[in-house]
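Below you'll find the structure, written out as structure tokens, and then a few comments.
Read-outs: derived from the displayed coordinates by stated rules, not from any lab. Bear in mind that the values here come from a model prediction, so they are computed numbers and not experimental data. Heads up, the Cβs are rebuilt from the backbone with ideal geometry, glycines too, and the neighbour counts pull from every protein chain shown.
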Amino acid sequence: MTTVTNPTALADQYDAATQQARRELHQAATRLAGRVTDGPLPAWLADHAAAFRLALITGQVRGCAHLADGPRVAHAAVWAPGYLVCPHCVAALAPDPVEDATCDRCRRPAGRLFAGTVALGPILLAYGLCEPCAAEVDTDPA
């Protein structure tokens, strides 16, 4: 596939990928009896999003080869900073057992994590919160 260089085509593809990411987020919320909220991100998550954007802009993000051709829905995770994958490679984001039991906000070990995902344009950024952090930032259990 050819890399898209026309600014209008690139913007159209970015918009389409962003809309698809939002659709996927809504579908997951429906499937998992969760909810989607709009509005500003909590400060801790906004910090992670900003760090990810900076890494993306400065070329410090690693990713699967499937993302090389143009804007499309991609997945990232707070527990795997600087890594971006396509939907087919999302298993590459699986955390190790210690990370899988650690809250992404307070970094404390947790017996149970509450999953969340935020759409940053066409990127779906996943995170997991312990019960106290989930209650503080109003994340429904999933």
Problem set entry | Degrees, to the nearest 10: 43-57 long Cα axis against longest axis of the chain | 30 degrees
For this session: Indicate the gyration tensor shape class of region 30-99 (rounded, prolate or oblate), computed on the Cα atoms with a ≥ b ≥ c the square roots of the eigenvalues: a/c under 1.5 is rounded; otherwise a/b larger than b/c is prolate and the rest oblate.
Result: rounded
For this session: Rounded to the nearest Å, what's the spacing between the alpha carbon centres of region 20-72 and region 88-116? Just the number, please.
Result: 16 Å
Exercise. Which value does Rg/Rh take for region 1-49 over its C-alpha atoms, Rh per Kirkwood?
Worked result: 1.12
Exercise. Quick one: helix 7-31 against the long Cα principal axis of the chain, what's the angle to the nearest 10°, folded into 0 to 90?
Worked result: 30 degrees
Exercise. When the helix-only estimate is applied to the chain (DSSP H runs of n ≥ 4, each -39,500 (n - 2.57), divided by the residue count), what is the mean residue ellipticity at 222 nm, nearest 500 deg cm²/dmol?
Worked result: -10500 deg cm²/dmol
Exercise. Which whole number in µm²/s is D for the chain by Stokes-Einstein, with the Kirkwood Rh taken over Cα pairs at 37 °C and 0.692 mPa s?
Worked result: 206 µm²/s
For this session: Could you order peptides 78-88, 40-50 by the average number of other Cβ atoms within 10 Å of their residues, highest first?
Result: 78-88, 40-50
